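The values are calculated or read from the model by the stated rules, or taken from the named source; none is laboratory data. Just so it is clear, the structure is predicted and the values come from calculations on it, not from any experiment. Every residue, glycine among them, receives a Cβ derived from its backbone with ideal geometry; neighbour counts consider all protein chains shown.
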Amino acid sequence: MMAVGWAYSETVKDHFMQPRNVLEDEEAFEADGRGLTGNVRCGDEMLVVIKVDEPSGTIADCKWRTFGCASAIASTSVLSEMGKGMRLADAYRVTARDVQRELGGLPEHKVHCSVLGDKALRQAINDYYRRAGLEEKIEQESERIVCQCMSVSDYEIEQAVLEGARTLYELQEMTKVSTVCGECEGEVTELIEFYQNKHFSEV
Amino acid sequence: MSRPVYMDNNATTPLHPQVRETLVEALDIFGNPSSLHGLGRTARQRVEEARQEVAAFLGASPDEIIFMGSGSEANNTVLSIVTCPSGACSLAADGANEIVTSTIEHPCILESVKCLEERGLTVRYVNVDSDGKIDLDEYKSVVSERTSLVSVMLANNEIGTIQDVRMLAGIAHEYGAQFHTDAVQAVGTVPVDVRELDVDFLTVSAHKMYGPKGVGALMVRKGVPFCPLIRGGHQEKGRRAGTENTLGISGFGKAAEMRALEMKAEEPRLREMRERLRDGIRDRIPDVRIVGHPTDCLPNTLNVTFDGAEGESILLYLDLAGIAVSTGSACASGSLEPSHVLLATGLPMECAHGSIRISLGRENTMDDVTYVLDTLPGVIERIRAMSTTYQRRAA
């Protein structure tokens with residue numbers, strides 16, 4: 001009997017079967033910036049390292065390592081391809097949703113497996129700025145993780161509100177915020193109101 | 001080169017060819033077993049023959065067997081009795097209203113008792129040791145006159161550990177409590193006799209023993225209080241309403257008959273394959289842990305964790321090589337927590353994410369084992385090479 005389909009999109013399968021830009025020898029790579037995020041205890045951990053072409057301010061090379069499932073592996077792999085050649089400022093703006101789009105979508109319950117790569121990339125970029133003495137360029141230092149379980153920051157909540165989220169439920173649909181322990185629910189509800197007022201209130 | 005190797009028999013089993021034959025033949029038996037005419041009587045006969053087969057296989061009498069829609073339904077039914085306030089059938093009639101269970105039960109037990117807890121009943125959860133065996137001292141300390149029901153599984157579906165149910169039931173009975181065992185994973189792989197185990201309720205499912213899905217049974221020992229979960233019909237002597245699944249039940253009966261003939265001879269073969277797998281994995285792959293009791297364990301079940309590799313990735317790479325197994329990783333389950341069974345054995349969370357369960361069945365051969373042993377080391381090496389947490393050891 002033939003098995004049908006696969007659990008994920010063809011792009012996910014492709015990147016899972018043939019991961020691009022895996023960091024094989026960290027010492028030899030001599031990274032300009034390094035970002036590690038996630039937690040093995042939670043089942044996902046991602047390391048992203050970058051080399052920067054200083055004159056152009058672009059990412060010259062981007063490699064990674066991941067402890068995680070197929071969608072975590074594929075999303076870091078695809079992210080490394082997206083990041084190469086990108087201007088640092090643009091790479092900083094890559095979101096988990098961009099990665100998901102690039103992958104041709106992920107099943108609902110696997111979305112949280114793709115939310116770490118872009119964070120690791122931002123960390124790597126900030127790390128580069130720090131090493132290069134460009135502290136003033138470090139963006140979103142104020143970015144703060146609100147939902148510890150799903151690793152969702154206030155910045156992402158703001159973006160989701162900008163994209164149309166108005167209720168906790170809608171926000172959960174988009175970011176998975178507050179879908180595990182629920183401890184941040186009150187704060188998240190307040191933030192939705194705050195960002196809604198900030199961007200949409202008619203004064 | 002990939003070829004299909006099915007080693008996920010604890011999830012479900014393929015139909016035994018003879019069960020399949022029975023099912024095909026039974027497709028045309030459409031009469032309602034409750035009808036008095038000939039077509040009804042034909043169906044009734046099928047159901048009762050199957051009941052005899054299942055009862056005989058479990059060492060029970062036929063009128064102690066209630067056919068149900070699944071093992072989960074049987075487990076839910078047992079737990080629903082505890083809350084029934086009627087003196088006639090309630091296990092809690094004399095004021096005993098505590099339930100004792102283990103931390104490694106199937107979710108259909110754990111979620112049901114949690115629901116009872118929310119309704120005010122007291123539930124005592126007994127822990128297990130690193131091999132998955134019930135902590136006997138703890139068990140003895142929580143079972144008391146207040147206990148109305150104890151529910152402990154016979155064999156665990158994830159790690160294969162077999163509990164000493166006879167002894168646990170004996171202790172429960174000393175305090176006048178009833179004893180239920182979820183034997184879904186054990187029946188069909190190891191001999192199970194309800195009298196020998198001395199249990200009051202026992203759950204079994206057809207699709208774990210080469211029968212069809214959608215049919216299970218609950219053994220209720222004669223004289224034990226009982227109350228149906230599904231009401232509104234006289235079927236199963238009023239103990240489970242709903243027109244009997246003649247087709248499924250016929251297949252279940254045949255499955256029990258075939259297991260009775262084949263199971264014993266199969267056991268040493270399963271054991272040998274599992275040992276070959278276990279030793280082969282240990283020899284070929286560094287940093288692995290085997291979870292499960294070394295001797296009191298299902299002969300077909302092997303649970304292995306690989307440091308630095310995540311279970312869903314292992315599963316999917318094996319799947320691409322044509323090998324079907326399952327994992328205790330959170331990522332494969334849709335939840336964020338890895339297997340509660342592995343965590344209950346004290347396995348650290350990061351290891352529990354990297355577990356796979358290999359469960360053998362009657363169709364597996366030594367060639368399958370060799371193929372898995374040839375494939376698995378490469379898969380693990382590949383995953384570890386891109387893992388954040390596993391640095392390849394110097395060659």
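Here are the numbers:
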read-out	value
First in segment B:57-75 and free of Cβ contacts under 8 Å to residues at least 60 places away in the same chain, second anywhere and among the hydrophobic types (A, V, I, L, M, F, W, C), Cβ under 6 Å, 6 or more apart	B:P62/B:A55
Subset of segment A:5-17 that is more than 11 Å from chain B (Cβ to nearest Cβ) and in a loop (DSSP other than H, G, I, E, B) - its residue that is surrounded by the fewest Cβ atoms within 10 Å (Cβ to Cβ)	A:G5
Segment B:199-222, subset of a type in the set (S, T, Y) and under 13 Å from the mean Cα position of the chain (by Cα), residue farthest from B:A177 (Cα to Cα)	B:S205
Complete set of residues in segment B:333-353 that are surrounded by fewer than 24 Cβ atoms within 10 Å (Cβ to Cβ), within 14 Å of another protein chain (Cβ to nearest Cβ) and small (G, A, S)	B:S333, B:G334, B:S335
Residue in segment B:281-308 that is nearest to B:T388 (Cα to Cα), counting only those that are in contact with a Gly (Cβ under 9 Å, 6 or more places away or on another chain) and hydroxyl-bearing (S, T, Y)	B:T305
Sole residue being acidic (D, E) and under 19 Å from the mean Cα position of the chain (by Cα), chosen from B:D307, B:D319, B:D296	B:D296
Segment A:57-73, subset modelled with pLDDT of 95 or more and more than 28 Å from B:V379 (Cβ to Cβ), residue farthest from the other protein chains (Cβ to nearest Cβ)	A:T58
Any chance B:G328 is within 13 Å of another protein chain (Cβ to nearest Cβ), modelled with pLDDT under 95, under 22 Å from the mean Cα position of the chain (by Cα) and crowded, with 18+ Cβ neighbours inside 10 Å	yes
Candidate set from segment B:354-388 (those that are under 24 Å from B:R276 (Cα atoms) and in a loop (DSSP other than H, G, I, E, B)); member that is nearest to the other protein chains (Cβ to nearest Cβ)	B:G354
Matching residues in segment B:157-175 - criterion: being among the small types (G, A, S) and either in contact with a Ser or Thr (Cβ under 8 Å, 6 or more places away or on another chain) or within 30 Å of B:R362 (Cα to Cα) (or both)	B:G160, B:A169, B:A172
Which numbered condition A:E81 misses (of (1) within 14 Å of chain B (Cβ to nearest Cβ); (2) touching a residue at least 24 places away in the same chain (Cβ under 8 Å))	(1)
Elements of type helices (runs of 4 or more DSSP H) in segment B:242-343, at least 1 residues being on the phi < 0 side of the Ramachandran plot and touching a Cys at 6+ places or on another chain (Cβ under 6 Å)	B:311-320, B:330-333
Test: residue in segment A:19-42 that is over 20 Å from A:E156 (Cα atoms), within 14 Å of chain B (Cβ to nearest Cβ), polar (S, T, N, Q) and touching a residue at least 60 places away in the same chain (Cβ under 8 Å)	yes
All positions within segment B:21-35 that are surrounded by fewer than 16 Cβ atoms within 10 Å (Cβ to Cβ) and either basic (K, R) or not in a helix (DSSP H, G or I) (or both)	B:L27, B:D28, B:F30, B:N32, B:S34, B:S35
Test: residue in segment B:224-231 that is farther than 30 Å from B:L376 by Cα, modelled with pLDDT of 95 or more and β-branched (V, I, T)	no
Residue in segment A:153-160 that is surrounded by 15 or more Cβ atoms within 10 Å (Cβ to Cβ) and in contact (Cβ under 8 Å) with a residue 60 or more places away in the chain present	yes
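Table: residues versus (1) in contact with a strand residue (DSSP E or B) (Cβ under 6 Å, 6 or more places away or on another chain); (2) surrounded by fewer than 22 Cβ atoms within 10 Å (Cβ to Cβ).
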site	(1), (2)
B:V142	yes, yes
B:L168	no, no
B:I171	no, yes
B:Q178	yes, no
B:D182	yes, no
B:R195	no, yes
B:K213	no, yes
B:G232	no, yes
